[in-house]
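The next block holds one structure in the form of structure tokens; read it before the comments.
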Amino acid sequence: MKAIVKKEKKFGGIEVTEVPIPDMDHDEVLVRMHHASICGSDIHAYHYAPTHHFIEPPVIMGHEGSGHVEKVGSSVTGFRPGDRVVIEAIQYCGVCESCMKGKRHICNRFQIRGMHRDGVFSEYVAVKAPYLHKFPESLSYAQASLVEPVSVLTHAVLDRSAIGAGDVVLITGPGPIGILGAQMVKIAGAEPVVVGVEADEAVRMPISRSLGIKTINADRESIPEFLIKHYNRETVHAVVECSGAPSAFRTALDLVVKGGNITLVGLFAKLVEANLSNAVRKEISIHTSFSSDWENFERAIKLLDRGLFQIDPLVAHYRPDDAIQAFEDAIAKKVPKPMFDF
Ligand SMILES: [Zn+2]
Ligand SMILES: [Zn+2]
């Protein structure tokens with residue numbers, strides 16, 4: 001079968017290659033992938049960024065994807081051939097302290113698909129049944145590929161942040177997570193304002209604006225002036241940081257109201273320098289949010305099924321053979337969400 005494999009510990013170092021169809025255990029399901037999409041963390045893996053030096057090549061990349069059940073193992077119940085499914089990104093041990101406390105997505109021995117273990121950028125994936133979620137006919141396979149990133153925002157905005165209905169919420173970073181985050185903030189009854197920089201002006205910010213989201217280019221416009229003009233206030237009630245840029249964290253500290261909250265979703269590739277005394281004096285709550293759990297997946301599927309997200313404008317399709325092009329286009333910010341058609 002065809003697979004996109006991280007072969008070497010260096011920038012790029014990927015290859016589209018033939019590998020054997022995975023062997024299937026009695027408690028596993030063999031999924032024939034239809035679509036799989038590139039996540040920000042896959043780009044870190046492509047870069048072989050210091051945050052991702054734990055990756056041990058060769059490994060099949062990717063953790064966002066959808067497909068149908070091809071075969072089920074002898075002890076699997078609840079799934080049958082033909083079911084439309086998405087796969088959770090994180091495999092957990094089930095017995096460590098985090099798992100026992102019900103926080104399996106931050107399992108002490110977690111394995112991220114496409115990084116610690118083979119991922120979903122391939123024609124077939126063998127996966128244990130508890131990591132699968134069925135999705136309805138109302139969602140196309142391509143749309144379902146984005147269940148995973150939507151589940152990440154379900155976790156960040158609905159579980160981890162303290163965003164209330166009516167809040168004005170700054171979203172730093174107009175990438176796919178930022179744009180999906182803005183849509184999730186609306187679902188929570190709050191008002192999102194997406195902030196980007198000049199480099200986002202070509203593709204990302206026009207998409208954000210086209211979805212009816214208030215979107216500011218911070219290199220051209222003052223955020224406080226924008227806030228005064230639209231909301232008659234200089235601060236925001238909350239920030240969801242989706243860019244991973246240290247400067248965005250400093251902006252968040254400056255602009256969040258006293259007693260407000262900041263939720264960090266983006267992974268920072270560099271160490272962050274910030275005036276935390278300012279945060280203490282303002283009594284800001286800083287939350288972090290990582291990945292998503294079983295319930296977040298189920299909830300993301302329901303929200304997508306109800307048509308609450310516009311995701312098609314984020315996506316551009318690529319053949320797996322054009323994987324390098326897809327990664328390079330994502331890095332150049334030409335395409336928010338490159339998607340492989342397997
Ligand atoms: Zn992802
Ligand atoms: Zn565990």
In region 37-64, which residues are under 13 Å from Ile14 (Cβ atoms) and not in a helix (DSSP H, G or I)? Ile38, Tyr48, Ile55, Pro57, Pro58, Val59, Ile60, Met61, Gly62
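Can Gly166 be described as closer than 19 Å to Gly40 by Cβ, touching a Gly at 6+ places or on another chain (Cβ under 7 Å) and outside the structural domain of Val31 (by TED's automatic domain parsing)? Spell out how you get there, then give the answer.
Working: closer than 19 Å to Gly40 by Cβ: no; touching a Gly at 6+ places or on another chain (Cβ under 7 Å): yes; outside the structural domain of Val31 (by TED's automatic domain parsing): yes.
No; evaluated as a whole, the condition is false for this residue.
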Are there any pairs, at least 6 apart or on different chains, whose C-beta atoms fall under 9 Å, with the first in region 127-143 and assigned by TED's automatic domain parsing to the domain that holds Ser66 and free of Cβ contacts under 8 Å to residues at least 40 places away in the same chain and the second polar (S, T, N, Q) and part of a strand (DSSP E or B), and if so, which? Ser140/Ser66
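Check Lys134, Lys128 and return the single one that is within 16 Å of ligand 2 (Cβ to nearest atom), out of contact with any Cys (no Cβ under 7 Å at 6 or more places or on another chain), at pLDDT 95 or above and over 30 Å from Glu225 (Cβ atoms). It would help to see each step written out before you state the result.
On the way: Lys134 fails: within 16 Å of ligand 2 (Cβ to nearest atom).
Matching residue, one of Lys134, Lys128: Lys128.
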Out of (1) in a helix (DSSP H, G or I); (2) farther than 23 Å from Gly189 by Cα; (3) within 24 Å of the chain's Cα centre (by Cα), what's the single condition that is false for Ala252? (2)
Counting only residues that are within 16 Å of ligand 1 (Cβ to nearest atom), touching a residue at least 24 places away in the same chain (Cβ under 8 Å), part of a loop (DSSP other than H, G, I, E, B) and not small (Gly, Ala, Ser), how many does region 65-117 have? 3
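Mind counting the residues in region 64-79 that are buried (at least 24 other Cβ atoms within 10 Å of the Cβ) and either closer than 9 Å to Gly114 by Cβ or acidic (Asp, Glu) (or both)? Let's see the steps before the verdict.
The initial filter retains those residues of region 64-79 that are buried (at least 24 other Cβ atoms within 10 Å of the Cβ), namely 64-67.
Those still in the list that are either closer than 9 Å to Gly114 by Cβ or acidic (Asp, Glu) (or both) too: 64.
Residues meeting the conditions: 1.
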Scan region 142-160 and give yes if some residue there is polar (S, T, N, Q), more than 13 Å from the chain's Cα centre (by Cα) and part of a loop (DSSP other than H, G, I, E, B), otherwise no. no
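The values are calculated or read from the model by the stated rules, or taken from the named source; none is laboratory data. The shown structure was predicted, so the numbers you read here are calculated from the model rather than taken from an experiment. No Cβ is skipped: glycine too gets one built from the backbone with ideal geometry, and neighbour counts run over all protein chains shown.
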